[in-house]
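First up is the structure itself, then whatever we jot down about it.
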Amino acid sequence: MSKKRCTLLGAGLCAFATMAHADTAALALPAPLPATDIALPQLPATTLPSKQIHHRAVPDWATTTLAASTATQADISAFGLPCEVTLRGDPMPDALFAVTLNAPCRPNTPVAMHYAGLTFDVMTSITGQAGFALPAMTMSGALGAVFKDGLRLSTPIDAPDLSEYARVAVAWSQALDMRLTANAPRHIPVRSYALGQADGRSVQILSHHQSPEARRAVIRLGVAAPITAQNCGQERHATVRHLQPDMPPISYELRLAPTSCDQVGGILELKNILQDLKLAAK
Amino acid sequence: MRKFARLVIAALLCAAPVMAQDVALTSRDGAFRIDGTLLSYDGEFYRVDTIYGPLTLDGEGVDCDGPGCPDLASFVAEVRFSGTRRIADVLLPALIQAFAERNRLTVLREVVDDTHSTFVLRDADRVRARFTLRATTTAEGFADLIAEEADIALALREPRDTEVAMAREAGSGDLVRGRRARVIAHDGMVAVVAVDQPVKSLSLAQLSAIFAGTITNWSALGGMEAEILPQTPLPDTALYEVFQTRVLTPRNVSMSPDIQTHANLEDLVDAVADDSFSIGLTTLSEIGNADPIRIAGACGFEQVPSVGALRSEDYPLALPLMMFTPARRLPLYARQFLEFTASPAADLVIRRSGFVDQSITTSDFSALGDRLAHAITRAGPDVPLSELQRLVTGLRGRDRLSTTFRFEAGTKLDIQSRENIMRLARALETGAFDGKSLLFVGFSDSEGPSGPNMRLSQSRAEKVEELIRDTAETADFSQIELRSDAFGEALPIACDDTAWGRAVNRRVEVWVN
């Protein structure tokens, strides 16, 4: 699957796909794209040239997009699907949820996802879908999807097995290439998840499953970014959420001062701003 | 002039070089007027440089006129913290967050770099306070406090004589007198090794020899034939200094010059965890993925660095985490924050951040275990068996409070114990011990003859009881029984062969039922 097509289908699907490959101890986000194809609905190779289809036969007043016209006429999408909008989150192993947003009459549309105080943007696919794996960040909460026109959907996310997980999530308020980094001992596997799309708000999550016989361990957390001509001089805003077994969750807000554009080519690295994950022995 | 009486006027020793502006402060009834240059306004009080010297006036009682007057409606409290990274990195951000949540304020942390941040606290209307944080060393924290570049110094040790003198010279008052210092939590200095290093217990003499460079091979410590790689924090840190003064100097040695140093304790600990032959100096709150070493004594006692041992100061290398405040008045938000750090809500935050809070916990008589066995084996002419039987009869059925009082010399309490007096007195005032009996039990070290030791331990216990009675002003003593008893050198916690061991043994324990 090409990177371009991946974007087209919604970054969420890609995040879903990369998840399986992100099981590494030392890691750097965002996770790489999958090396192999995953099963996806068979779609036309290119974007539907809806205007061209109608151009020759219909008068000017009718040259709206196929999707829009069918939608207004019969609540049916360009692909003949009902326009009903749905959002669901199905539990998966590892305190993950398979999120499916279905909005057949809202293809290629940005949607803001809100969950546990974290916000990220996804894009619906050409068929109006978005799907991704969401690591639970609260025992009991709700995932909300908000379209630009104000349409809101919500689905409960209840994760009773979350108490076995140590997780940290960082939500970046703008599309900048800041990475959440973790340094854990070899026997502490840390998985990483990336939510959201490259040019919008994104969330990075690190997760460790603490087995019942686990011994005390510390996972060092930091953030890093290359200083580039594009991101220098810009402020970064982040929301951080920590989850640890037997501890109440912590959230805090950060604003990182802009780096100087004289430092382009260097690396911005902050090692003491995020609290390390300290895991107690079970 | 009644209004005048309401004004708090305090001549301050030092005028901060704040931008000079003209103000006229007039009492609300118009009876008097003071002209001067505004030095500062903290949301409540004006500090004005006048012909009488610097004066502090209560804003409630005066109206301000002139170009220098602050905008009262938009006042933002500025509080600057500076000092040890042991407090600044994890504990202080967590405390600020909890303090804000408790006061229904939101916090945004503006990060300049790894060592400079500002916490912006706002309510629904506007920004109320800005807490600026500089994460550096204890020495730098004191320097900033003295230079009035910080309002609160974060420290792992008490100020050195040179720092006390410097503060006096700079007109910032006496750093060691009055309530300038407060202990907010406890930590301990520990030596760590990799998980797979078999040597896990060392005496202070052995530790000292390792860092002085006189023991260089693990085989000399009962370990493998391999060179020891000691690692320490930088020499200008309090941790390095405290190790030097408490462990090396008493043995007339100093730190080996060839030791590898680290700017970050995290890096040090990670390096040790990755290298089986390393040993590093760190704190109990930052042992990362390495294992802490137990401190062994020649008489057979082993001190385990644990939360319980630190809480009762039974571990020899305890490090109190302290905040030092200036002689001048701090803004309301700063005072409220300091008050918050001593509250039960803060105790919870302190525990979760990996430090030892000062809340009062209990352990029952059976926890004496080893100590009692040790005392019985040592029974003899100094401590006859009958004395131990008296001890068992007196303490069995009671629980020991974690609050323990220790003495610098004679009956002078150390800094942390003075804090403990306040804590215990406050608990008595809230009625936490109503209907209970508190027994203050004095102990001594075994230096010198047992008779005077017994009398000294008795006077220590009585002193603590008296201080508690005086401090807990609003406690209902008809509901609480307070008594003192003493057992001299009967029940040591540590070996008396070292100065620290003797210091740990000179104590007053509190037993409740």
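The values are calculated or read from the model by the stated rules, or taken from the named source; none is laboratory data. What you see is a predicted model, and the numbers here were worked out from it, not measured in a lab. Quick reminder, even Gly has a Cβ in these numbers, built from the backbone with ideal geometry, and neighbours come from all protein chains shown. These area figures cover heavy atoms from the full protein model, side chains too; ligands, DNA and RNA do not enter into them. Shrake-Rupley method; radii C 1.70, N 1.55, O 1.52, S 1.80 Å.
Listing for the model above:
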quantity: Virtual spin-label span in nm between residue B:429 and residue A:114, 7 Å along Cα→Cβ; calculated: 4.4
quantity: Rg/Rg_ref, chain B, where Rg_ref = 2.2 N^0.38 Å and atoms are Cα; calculated: 1.09
quantity: Stretchable slack from residue B:481 to residue B:302, in nm (0.36 nm times residue separation minus alpha-carbon distance); calculated: 61.0 nm
quantity: Shape call, the stretch B:187-311: gyration tensor on alpha carbons, a/c limit 1.5; calculated: rounded
quantity: Whole-percent pair-distance distribution, where bins are 10 Å wide, for the alpha carbons of the stretch B:360-512; calculated: 11, 43, 34, 11, 1
quantity: Positive-end residue, the stretch B:187-311 charge dipole about Cα centroid, Cβ charges, pick of B:192, B:310, B:228; calculated: B:310
quantity: Shielding by partners - mean other protein chain Cβ count within 10 Å, residues of A:214-222; calculated: 3
quantity: Length-normalised contact order of chain B in % [C-alpha pairs under 8 Å, at least 6 apart]; calculated: 12
quantity: Within the stretch B:368-513: Cβ-based charge dipole about Cα centre, in debye rounded to nearest 20 (Lys, Arg +1; Asp, Glu -1); calculated: 160
quantity: Residues losing 20 Å² or more accessible surface upon assembly, the stretch B:235-282, compared with the chain by itself, 1.4 Å; calculated: B:266, B:267, B:270
quantity: Computed lengthening from residue A:76 to residue A:211, 0.36 nm per intervening residue step minus Cα-Cα distance; calculated: 43.7 nm
quantity: Fraction of accessible area attributable to carbon and sulfur, the protein assembly as shown (%, probe 1.4 Å); calculated: 54
quantity: Cα centre as origin, Lys/Arg/Asp/Glu Cβ charges: the stretch B:150-248 dipole, Debye; calculated: 440
quantity: Value at 222 nm in deg cm²/dmol, rounded to 500, when DSSP H runs of n ≥ 4 in chain B each add -39,500 (n - 2.57); calculated: -8500 deg cm²/dmol
quantity: Sparse-neighbour loop sites [GluC sites (Glu not before Pro); the stretch B:223-252; at most 11 other C-beta within 10 Å; DSSP]; calculated: B:225
quantity: Complex-versus-alone comparison for the stretch B:110-128, residues with a loss of 30 Å² or more in accessible area, probe 1.4 Å; calculated: B:110, B:111, B:114
quantity: Cleavage-rule hits, trypsin sites (Lys or Arg not before Pro), the stretch B:120-190, DSSP coil, Cβ neighbours within 10 Å at most 12; calculated: B:126, B:177, B:179
quantity: Reduced Cα scattering model of the stretch A:119-169, Debye log10 I(q)/I(0), q = 0.14, 0.15, 0.30 Å⁻¹; calculated: -0.47, -0.53, -1.30
quantity: Positive minus negative residues near residue B:141 (Lys, Arg vs Asp, Glu; Cβ under 15 Å); calculated: -2
quantity: For chain B, size of Cβ-based charge dipole, Lys and Arg +1, Asp and Glu -1, in debye; calculated: 1380
quantity: Bins of 10 Å from zero: percent of alpha-carbon pairs in the protein assembly as shown; calculated: 2, 11, 18, 20, 18, 14, 9, 5, 2, 1, 0, 0
quantity: Counted charge near residue A:162, where neighbours are those whose Cβ lies closer than 15 Å (Asp, Glu -1; Lys, Arg +1); calculated: -2
quantity: Cut-off 12 Å between beta-carbons: net charge of the residues surrounding residue A:179, Lys and Arg +1, Asp and Glu -1; calculated: -1
quantity: Shielding score for A:254-262, defined as the mean number of other chain Cβ atoms within 10 Å; calculated: 3
quantity: Cβ neighbours within 10 Å from other chains - mean over B:92-99; calculated: 2
quantity: Loss of accessible area when A meets B, both sides summed, Å² nearest 100, probe 1.4 Å; calculated: 2200
